[in-house]
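The block underneath contains the structure these notes are about, expressed in structure tokens.
The values are calculated or read from the model by the stated rules, or taken from the named source; none is laboratory data. From a predicted model like this one, the values you see are computed outputs, not experimental measurements. So basically every Cβ, Gly included, is an ideal-geometry build from the backbone, and we count neighbours across all protein chains shown.
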Amino acid sequence: MGALPEPMDSITKDNGINSEFGTLQMQKLFEEQRKHLDYFFSNVEYAQLQAFTQVLMAAKGVIFFTGVGKSGFVAQKITQTFVSTGTKAVFLSPTDALHGDIGIVGPNDVLVLFSKSGTTEELLRLVPCARAKGAYMVAVTSLRNSQLSNVCDMHVYLPLDRELCPFDLAPVTSTAIQMLFGDTVAIALMQAKKLTREQYALNHPAGRIGKRLIFRVQDVMKRHDELPLCKENDLIMDQLMELTSKGCGCLLVVDEECHLIGTFTDGDLRRALKSIREGVFKLTVGEMCNRNPRTIGPDAMAIEAMQKMESPPSPVQFLPIVNNDNVVIGIVTLHGLVSAGL
């Protein structure tokens, strides 16, 4: 058996933690952070942000983000937001850039350098190298007059009251402001480019939204040997194995050229057994099948197939997939659509 958890007061005492630090103190910290963020919103120069956004909009190449330490992690996250919302962006490690990676930067590119103080040595060393490559450089700092802002082509000032840290040292407010700035500009670009829901989905194929806007019926359908096919003159008793083994809950009744005639479901079998009992085994599938089933084409969206299954008068668990000549080419099941993430 594992060790029982220690009482909280014992843990806090052993670790030198003030056990009296409670809800009110926590609330006070969050309110204090909100005040620092309010200071940013009250003092930010929106014309400057708009000018920065225009620079990114006009960029013919790639937008590179860089930073060191916590600012570097923020730059990486912002890069991911830009890429996922339809803007070409790459994170450039300043250290690696000075050892060869600067070769990826060209004269059509924009390099955005994040630094709270604007005195980060690695970024200052990177500037002349990026200038030699012809890149347009933007310094993003929380100091109006800094070394970095003075050597770049453009400066974006992010107003900072102070860090939430009691020593005003740990970068917890400045990084929150950097994240707010970068992610909001990414959305501004997304709107300016009129990125559609479908285009956004193409960048998120593994997500539910992406799958619903990308996947077509042919991407999720069963085909060939997976299809539960039978002929209308086949006895129901002879097709029980086909009905149960393919995991579709039905039989697709077809003619010699595989044109769809109808469907016979395990529900049809249960109802027949209840009404005519063992007499059902003397009947052919054609005598009991539904000759007017719902169908769908292979090019339809997968989400459309799901909606068709759930539509009145009663939901169904599958749809035969037919081409323009009513030839069966597949089947899609509700379970299959759900398993695909729709």
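Would you be able to say whether some residue in region 271-278 is over 23 Å from Val332 (Cβ atoms), in contact (Cβ under 8 Å) with a residue 24 or more places away in the chain and surrounded by 13 or more Cβ atoms within 10 Å (Cβ to Cβ)? There is at least one residue in region 271-278 that is over 23 Å from Val332 (Cβ atoms), in contact (Cβ under 8 Å) with a residue 24 or more places away in the chain and surrounded by 13 or more Cβ atoms within 10 Å (Cβ to Cβ). Selection of region 115-134 for residues being part of a helix (DSSP H, G or I) and among the small types (Gly, Ala, Ser) yields Ala130, Ala132. Just one of the listed residues (Val338, Val316, Val285) is surrounded by fewer than 18 Cβ atoms within 10 Å (Cβ to Cβ) and either closer than 23 Å to His224 by Cβ or touching a residue at least 60 places away in the same chain (Cβ under 8 Å) (or both), and it is Val338.
Of all residues in region 70-112, exactly one satisfies the criterion of being of a type in the set (A, V, I, L, M), within 26 Å of Ala176 (Cβ to Cβ) and part of a loop (DSSP other than H, G, I, E, B), namely Leu92. Can you find even one residue in region 321-331 that is more than 15 Å from Val253 (Cα to Cα) and touching a strand residue (DSSP E or B) at 6+ places or on another chain (Cβ under 9 Å)? Looking through region 321-331, at least one residue is more than 15 Å from Val253 (Cα to Cα) and touching a strand residue (DSSP E or B) at 6+ places or on another chain (Cβ under 9 Å). Selection of first residues in region 32-53 that are outside the structural domain of Phe65 (by TED's automatic domain parsing) and surrounded by 12 or more Cβ atoms within 10 Å (Cβ to Cβ) and of second residues that are of a type in the set (Ser, Thr, Tyr) and not in a loop (DSSP other than H, G, I, E, B), restricted to Cβ pairs under 6 Å at least 6 apart or on distinct chains, gives an empty result. Just need a number here: residues in region 231-269 that are farther than 19 Å from Phe318 by Cα, part of a helix (DSSP H, G or I) and of a type in the set (D, E, K, R). So the answer is 1.
Residues are listed down the side, and each one gets a yes or a no for (1) under 22 Å from Lys77 (Cα atoms); (2) part of a loop (DSSP other than H, G, I, E, B); (3) of a type in the set (D, E, K, R):
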| position | (1), (2), (3) |
| --- | --- |
| Leu148 | yes, no, no |
| Leu160 | yes, yes, no |
| Phe167 | no, yes, no |
| Ser174 | yes, no, no |
| Gln178 | yes, no, no |
| Phe181 | yes, no, no |
| Ile187 | yes, no, no |
| Lys194 | no, yes, yes |
| Tyr200 | yes, no, no |
